[in-house]
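Below: the structure, in structure tokens.
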């Protein structure tokens, strides 16, 4: 017959079991299912967008994506797109765990109703944005959602907020996400560029995004102090991220993602939704054809070319889009 453990013995045993469990968890490889379970739902937003996967003959990874705002019949769904994009702000700023903690405090400690607490959470999330840089806000929200939808990669690090240090935020990458594919851990470094130039907008945004994302790749190990993860990262990934920050994890493949948004100055034609979308993608192809590939490829090390993915997002009536987003974000 087993004797009953004394209180001190029980505490020591429990502490030992917790330590072993934690050590085992920390040293287990991250699985695809774990990452997929942490992805934010992007279905509502992606329903307001259209995309194709194509190489676009860019000479980088064949998995590039051309995407645009969707149409309902002949009408572009710009208002619906903005509404869904802004709706992702709360998850962009706070993880589900952080949201639940904050909501519980608002309800239990401040005695608020649940709907009132939710409104407070939304307002606080919106206040995290840089109101002076609307183009940057839209691009960073977009790449946050598109990396999760197309690459199944969750955010793990983000630039410090502007209010902490304006100079540092300008230097950091726009997104750092984590994915697992075929058992291989992959880090995705994202760089966004938006241009509304009258001519050469796509060429400028593409060239600048590739130049900057390569710079971030080469220097990101030395710039880890530029990034934070406290409020938005799932608890399951905190230990991995801290180890990556400390340089303790090296068996990863880093991929580079360029989010290229530009003002489309050409009229989109078509007598149906399908024709409007086809014409939009054809104009993307025309924009790609206009670039000087020789000059572009001189900026890219041959070993990095297969690691570079380009997300191309043409915007009709960019000023209208920016104004609507500003009003929604508050």
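Count of the stretch 239-254 residues, restricted to those that are in a helix (DSSP H, G or I) and within 11 Å of residue 178 (Cβ to Cβ), is 3. Residues in the stretch 117-145 that are within 19 Å of residue 232 (Cβ to Cβ) and part of a helix (DSSP H, G or I): 20 in all. Condition test on residue 218, is it in a helix (DSSP H, G or I), without any contact (Cβ under 8 Å) to a residue 12 or more places away in the chain and at negative phi? For residue 218, the condition - in a helix (DSSP H, G or I), without any contact (Cβ under 8 Å) to a residue 12 or more places away in the chain and at negative phi - is met.
Answer yes or no: is there a residue in the stretch 297-316 that is in contact with a strand residue (DSSP E or B) (Cβ under 6 Å, 6 or more places away or on another chain), modelled with pLDDT of 90 or more, surrounded by fewer than 16 Cβ atoms within 10 Å (Cβ to Cβ) and in a loop (DSSP other than H, G, I, E, B). Scanning the stretch 297-316 turns up no residue that is in contact with a strand residue (DSSP E or B) (Cβ under 6 Å, 6 or more places away or on another chain), modelled with pLDDT of 90 or more, surrounded by fewer than 16 Cβ atoms within 10 Å (Cβ to Cβ) and in a loop (DSSP other than H, G, I, E, B). Given the condition within 21 Å of the chain's Cα centre (by Cα), over 21 Å from residue 321 (Cα atoms) and surrounded by fewer than 21 Cβ atoms within 10 Å (Cβ to Cβ), answer yes or no: does some residue in the stretch 190-205 qualify? No, the stretch 190-205 has no match at all.
Can you say whether residue 137 is within 30 Å of residue 301 (Cα to Cα), touching a helix residue (DSSP H, G or I) at 6+ places or on another chain (Cβ under 9 Å) and at pLDDT below 90, as far as the supplied structure shows? Yes: the conditions hold for residue 137.
With respect to (1) within 27 Å of residue 46 (Cα to Cα); (2) at pLDDT below 85, the lone exception for residue 160 is condition (1).
If you go through the stretch 278-291 and keep only what is under 27 Å from residue 254 (Cβ atoms) and either under 24 Å from the mean Cα position of the chain (by Cα) or loosely packed, with under 15 Cβ neighbours inside 10 Å (or both), you end up with 284, 288.
When the residues of the stretch 184-200 are filtered to those that are in contact with a helix residue (DSSP H, G or I) (Cβ under 7 Å, 6 or more places away or on another chain) and assigned to a strand (DSSP E or B), the one that is farthest from residue 308 (Cα to Cα) is 195. The number of residues in the stretch 50-64 that are surrounded by fewer than 19 Cβ atoms within 10 Å (Cβ to Cβ) and in a loop (DSSP other than H, G, I, E, B) comes to 6. Inside the stretch 88-116, residues that are within 21 Å of residue 41 (Cβ to Cβ), in contact with a helix residue (DSSP H, G or I) (Cβ under 7 Å, 6 or more places away or on another chain) and either without any contact (Cβ under 8 Å) to a residue 60 or more places away in the chain or assigned to a helix (DSSP H, G or I) (or both) make up a count of 10. For the condition in a helix (DSSP H, G or I), without any contact (Cβ under 8 Å) to a residue 12 or more places away in the chain and out of contact with any helix residue (DSSP H, G or I) (no Cβ under 9 Å at 6 or more places or on another chain), residue 323 does not qualify.
Take the stretch 251-277 and flag every residue that is within 24 Å of the chain's Cα centre (by Cα), in contact (Cβ under 8 Å) with a residue 60 or more places away in the chain and surrounded by 20 or more Cβ atoms within 10 Å (Cβ to Cβ). Within the stretch 251-277, 255, 256, 257, 258, 259, 260, 261, 262 qualify. Scanning the stretch 40-49 for residues being under 17 Å from the mean Cα position of the chain (by Cα) and either modelled with pLDDT under 95 or crowded, with 17+ Cβ neighbours inside 10 Å (or both) gives a total of 6.
Taking residue 96 as the residue in question, decide whether it is at pLDDT below 90 and over 13 Å from the mean Cα position of the chain (by Cα). When the stated conditions are applied, residue 96 passes them.
The values are calculated or read from the model by the stated rules, or taken from the named source; none is laboratory data. Not measured: the values here are computed from a predicted model. For neighbour counting, all protein chains shown are included, and Cβ atoms are generated from backbone atoms with ideal geometry for every residue, glycine included.
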